[in-house]
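Single-structure report; data block below.
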2 protein chains.
Amino acid sequence: MFEERRLYDGAVGRRQAPADQAAVRRSNLGLVLRHLRDAGPRSRARIAQDTGLNKATVSSLVAELADRRLITTGDVDRAGAVGRPGLIVHLDGRGVCGIGVELNVDYAAILVLDLRGEVLFEHRVALDVPELGPERTLDEVARLVNETLEAAARDVVPVGLTVAIPGLVRSVDGVAGYAPNLGWRDVPVREGLRARVGLDCPIRVENDANLSAIAEWAMGPEARTPDLVYLTGEVGVGGGVIVDGRLLRGAGGLSGEVGHTALGDPDLVCGCGRRGCWETVVGLSALLRAAADPGDPVHDHGRDLETRLAEIAARADAGDRRSLDALHRVGTGLGTGAAVLINLFNPQVVLLGGYFAVLGRFLLEPMAAELRARVFAPDLADARIVLSTLGFTAAVRGGAYVALESVFDDPTLIPVDAAMDPAPAAGS
Amino acid sequence: MFEERRLYDGAVGRRQAPADQAAVRRSNLGLVLRHLRDAGPRSRARIAQDTGLNKATVSSLVAELADRRLITTGDVDRAGAVGRPGLIVHLDGRGVCGIGVELNVDYAAILVLDLRGEVLFEHRVALDVPELGPERTLDEVARLVNETLEAAARDVVPVGLTVAIPGLVRSVDGVAGYAPNLGWRDVPVREGLRARVGLDCPIRVENDANLSAIAEWAMGPEARTPDLVYLTGEVGVGGGVIVDGRLLRGAGGLSGEVGHTALGDPDLVCGCGRRGCWETVVGLSALLRAAADPGDPVHDHGRDLETRLAEIAARADAGDRRSLDALHRVGTGLGTGAAVLINLFNPQVVLLGGYFAVLGRFLLEPMAAELRARVFAPDLADARIVLSTLGFTAAVRGGAYVALESVFDDPTLIPVDAAMDPAPAAGS
C-alpha cells in the first residue's frame, strides 16, 4: 500500500487526519497530484494501483484536477497494460508557480518554479544588506519580486513566496529573530514584504540552510535520502537536517545552528563574540583570510563570488602553497565538525553546498582523513560526503518548492477555471 | 480529529498504511487500546468521540479486546454523559507483561511492566561485565531472566524482552556492534539470549540511552515533550533524542552518540584513544578522579554506586573544596556539550539522567552559566534543563515499554482465552 510522506509541515505543525468528506476529498486530490510529481506521468489505472484508491475515485479526482488546470492528459499508455489502455496523466506546469527569494550578506536572489518543479525564471542582484539595513533591503527585495511578477509570472498564478534568511527565523510569524551576518535582530520580514509586494498568496520566511536541505531532498543529487545533513559554506556556515524524511525543526524552528556552535578551534574568537565557533575555521571569511593578504583581489566584495573562488582554485591547481594550506585547513575543520554531526545524527549522506561544493575537490581528502579519526564507529556509521550540484541556488529552489507544497496539500486552493476548455473526461 | 503517533518503530522501520480489512481491524484495536493507555479509562461513547470511530465499531472492538483479556469494563460513567450512561473501559494489566533488561559496566538490571505500565517486578545484580566477557555475562543475564519469569511473570504472558546496551547496537539483528565500556565488539546479544532463555516472544536489543529517552517520553516528568534530549551519566555518557515525538534513530540506528564525540576538552585523551571526548570531562570516572585520590572509598567498585554518590554529595554539602570543584567542572562541561546539542536540536527540554540526576543540584548552576554563554540565541532557544526522576531505572523501563508496544500495535497477538468468563457485552 501507499504511504504519503511530507517533508515540510510549515509553520502550522503536523497535519491532522481528515475530519470530513470534503477534507478526505482534498487529501485524495493532493495524494494524486503529489504522486504524479514524485512518480511521474501515468495512467489512471496505474494511479489507482499505486495509491490503493479505487478506479472510479481516481477518475473523478483526475477530472477535478484537470478542471483546476493542474493536470493534463496525453498519450495512450500501452506499456504492460491489462485491459483497456488509458491516457497518461501529466502535471500541468502552466497554471501556478512558487517563488523563492534568498537574502544573503551581499546578494538577493529569486527563482520561480512551475508545478512540475521546472525553473521559469531566476535572477540574482548584488546587495550590501548589512549596509542597507532592513527597511531599504526589503524595498530592494520587493522591487525584485514585483519585477519578476511582471516579467515572468504574468500568465502563471503565484501560490506562495518563501524568503530564505541566513539566521534564526520564527517561522510562525515570519520574523528574522537573529541574523548576525546581516546585522539583523527581530526584523518582521513577512509583514514588511506583505506591505510592499502585490501578492495575495502566503509569504513564508525560513532559515536558508533549512530550505537548501529541502531542495536537496526534493531535487538534489541525493534526493529522497531519509537521513541527510546539509552544510552550506557562505559568509556564515549553515546547517539543515533531514531526519527520517522530515525536516528537523526543533521546538522553535531554530534547529541546525552549526556556524556559531563550538565545533571549531576553541582559541579563535568569532564575530559574534564567542570562542570556538565553527565559522571561524570553515566560513568563507576564514578561508579568504588564510588564502590571501588584505588587498588581494579575492577579498574584493565588488567582484562576483564565483570568480573569486575560481581564482583560489586556479592558484591551488598551480601549486600555490598558501592556497593549498588554506583549503586543507578548511577541509580538516569540516571533518572535525562533520564528525560531531555524524555521531549525533547518523545520516546516510552529508551534503556540502555553497562554496564548499565549488571548492570541494580540495576539501574532501583532508575532511575524510579527519572523519576517519573522529567518527565514533566509522566502520558502522559510514556517511557518504557528497558535493551539492544545486550550488548557490539551493535556498531559492527550496523556497519555491515549499511555496508549491500548499497546492499539493490542498489542490482546491486553485479555483476551477470557468473560461477554460472542457477537460477530457474519458480515458480509463 | 484524532491523530495516532508512534514513538518507536522498532527495527522494521516505519509502519505502512493498512492493506486490508483484517489489517484495518488490527489497527483500530490498537488505536482503542493505546487510547485507553494514554488518555485513561473512559466509556465506549467517549472513545468513539475521541477517535472518530463510530459507536458500533467501538463496541465491537471493545468486546474483542475483552475476549483477549486486554481490557475490563467497570463503573458506570455519569460525568457529563449525553443519553444513556456507559460502563467505563479500563486496560487490564493482568494478562500480559513486557520485560526490560539492562546490561551496564558493573550491573545487570531487570524490570517487568504490566500492560498499564505498572511495575510488577524489578531487580538489580552486581556484575563485572568487562571481566566476565560476553558469554558468561549472557549466562548471568539469562539466569536473571529465567528467575524473573518463574518468580514474577508466572501468571502473566511476556510479550517481549528488550535488552539495553551502553553502546552502538544494530537493532535489525540485535548485535552489539561496539560497546567500548563493556569491551564488546559484534556480540550477538539477541541470538545469545534466545538460546539461553525459555521465551517464545520477540527479543530486541537497543542502545540504553535511546530506551531511557523513550521511558522519559512515555512516563517521565516531561512525558510527551515533542523535542527532548536525554543525557545519562554513568561510566560512559549516553544520549537519546526525541524529534517531533519520534525517537531519532539515524540511518543505522547509531544516532545520539555523545560520549565519544569531541564536545569536551580537546587536550584530554579518552580510553577510546581519541582526544576531546565528552566522557573525559563529564563521565563518572572523570568526576570520581577529580573528586578523590585513588584508594578513597568513592572509587571502590564493590560499593553500591548510589552510596558512593551520596558520599560525594555529603562532602560537597559540608563545603569540601575538592568535591565542589569536581562537581563544578562536570556542570560546566555539561553546559559546553549541551549548548551544542541545543543549537543543533533546539529541544524544549534537556533531561539529565543517571548520576547527573543524583548530583543535579550541584551541577545545574555552572551548567546554566555555560549555556547562557554558549547557546547561539539563548533568548530564542530556551531549553529547560530538568533532572530525571526515573533514576537508574530509565533504560529498563524503556525496554519494557518497547516490548509492550507490539501489543498496542497489534492486539490480536494475544489469543482469545477460551477458558475465560464471558466478557460483559452490555454498556453503551
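The values are calculated or read from the model by the stated rules, or taken from the named source; none is laboratory data. Worth saying up front: this structure is predicted, and the values here are computed from it rather than measured. So basically every Cβ, Gly included, is an ideal-geometry build from the backbone, and we count neighbours across all protein chains shown.
Residues B:231, B:193: which one is touching a residue at least 40 places away in the same chain (Cβ under 8 Å), in contact with a strand residue (DSSP E or B) (Cβ under 6 Å, 6 or more places away or on another chain) and either within 14 Å of chain A (Cβ to nearest Cβ) or part of a loop (DSSP other than H, G, I, E, B) (or both)?
On the way: B:193 fails: either within 14 Å of chain A (Cβ to nearest Cβ) or part of a loop (DSSP other than H, G, I, E, B) (or both).
Answer to the check: B:231.
If I filter the range B:10-25 down to residues being surrounded by 14 or more Cβ atoms within 10 Å (Cβ to Cβ) and in a helix (DSSP H, G or I), which single residue comes out as modelled with the highest pLDDT?
Residues of the range B:10-25 that are surrounded by 14 or more Cβ atoms within 10 Å (Cβ to Cβ), as a first pass: B:10-11, B:18, B:23, B:25.
Filter again for in a helix (DSSP H, G or I), leaving B:10-11, B:23, B:25.
Numbers: B:10: 43, B:11: 36, B:23: 83, B:25: 91.
Result: B:25.
From the list A:416, A:407, which one is more than 24 Å from residue A:234 (Cα to Cα), away from chain B (no Cβ under 14 Å) and part of a loop (DSSP other than H, G, I, E, B)? Steps first, answer last, please.
On the way: A:407 fails: part of a loop (DSSP other than H, G, I, E, B).
None of the others qualify; the one that does is A:416.
Could you run through the range A:234-270 and say how many residues are more than 9 Å from chain B (Cβ to nearest Cβ) and under 14 Å from the mean Cα position of the chain (by Cα)?
4
Restricting to the range B:26-48, name every residue that is more than 14 Å from residue B:406 (Cα to Cα), small (Gly, Ala, Ser) and part of a helix (DSSP H, G or I).
Correct list: B:39, B:45, B:48.
Taking the range B:117-140 on its own, how many of its residues are under 18 Å from residue B:395 (Cα atoms) and surrounded by fewer than 22 Cβ atoms within 10 Å (Cβ to Cβ)?
11
Tally up the residues in the range B:375-394 that are within 11 Å of chain A (Cβ to nearest Cβ) and surrounded by 23 or more Cβ atoms within 10 Å (Cβ to Cβ), please. Lay out the reasoning, then the answer.
So in the range B:375-394, the residues within 11 Å of chain A (Cβ to nearest Cβ) come out as B:375-384.
Filter again for surrounded by 23 or more Cβ atoms within 10 Å (Cβ to Cβ), leaving B:375-376, B:381, B:383.
Qualifying residue count for the region: 4.
If you scan the range A:180-210, which residues turn out to be among the aliphatic types (A, V, I, L, M) and either over 16 Å from residue A:163 (Cβ atoms) or touching a Lys or Arg at 6+ places or on another chain (Cβ under 8 Å) (or both)? Steps first, answer last, please.
The initial filter retains those residues of the range A:180-210 that are among the aliphatic types (A, V, I, L, M), namely A:182, A:187, A:189, A:193, A:195, A:197, A:199, A:203, A:205, A:209.
Of everything in the range A:180-210, those that are among the aliphatic types (A, V, I, L, M) and either over 16 Å from residue A:163 (Cβ atoms) or touching a Lys or Arg at 6+ places or on another chain (Cβ under 8 Å) (or both) turn out to be A:203, A:205.
Yes or no: residue B:319 modelled with pLDDT of 95 or more and on the phi > 0 side of the Ramachandran plot? Steps first, please.
Values: modelled with pLDDT of 95 or more: yes; on the phi > 0 side of the Ramachandran plot: yes.
Spelling it out, residue B:319 is indeed modelled with pLDDT of 95 or more and on the phi > 0 side of the Ramachandran plot.
Taking the condition away from chain A (no Cβ under 14 Å), farther than 21 Å from residue B:394 by Cα and without any contact (Cβ under 8 Å) to a residue 24 or more places away in the chain, does residue B:321 pass?
yes
Of the conditions (1) outside any helix (DSSP H, G or I); (2) more than 15 Å from the chain's Cα centre (by Cα), residue A:160 clears all except one; give me its number.
(2)
If we scan the range B:282-300, do we find a residue that is out of contact with any Phe, Trp or Tyr (no Cβ under 9 Å at 6 or more places or on another chain), within 14 Å of chain A (Cβ to nearest Cβ) and outside any strand (DSSP E or B)?
Scanning the range B:282-300 turns up no residue that is out of contact with any Phe, Trp or Tyr (no Cβ under 9 Å at 6 or more places or on another chain), within 14 Å of chain A (Cβ to nearest Cβ) and outside any strand (DSSP E or B).
Rundown of residues vs (1) surrounded by fewer than 24 Cβ atoms within 10 Å (Cβ to Cβ); (2) assigned to a helix (DSSP H, G or I), yes/no style:
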{"site": "A:322", "(1), (2)": "yes, yes"}
{"site": "A:328", "(1), (2)": "yes, yes"}
{"site": "A:331", "(1), (2)": "yes, yes"}
{"site": "A:335", "(1), (2)": "no, yes"}
{"site": "A:342", "(1), (2)": "no, yes"}
{"site": "A:351", "(1), (2)": "no, no"}
{"site": "A:367", "(1), (2)": "no, yes"}
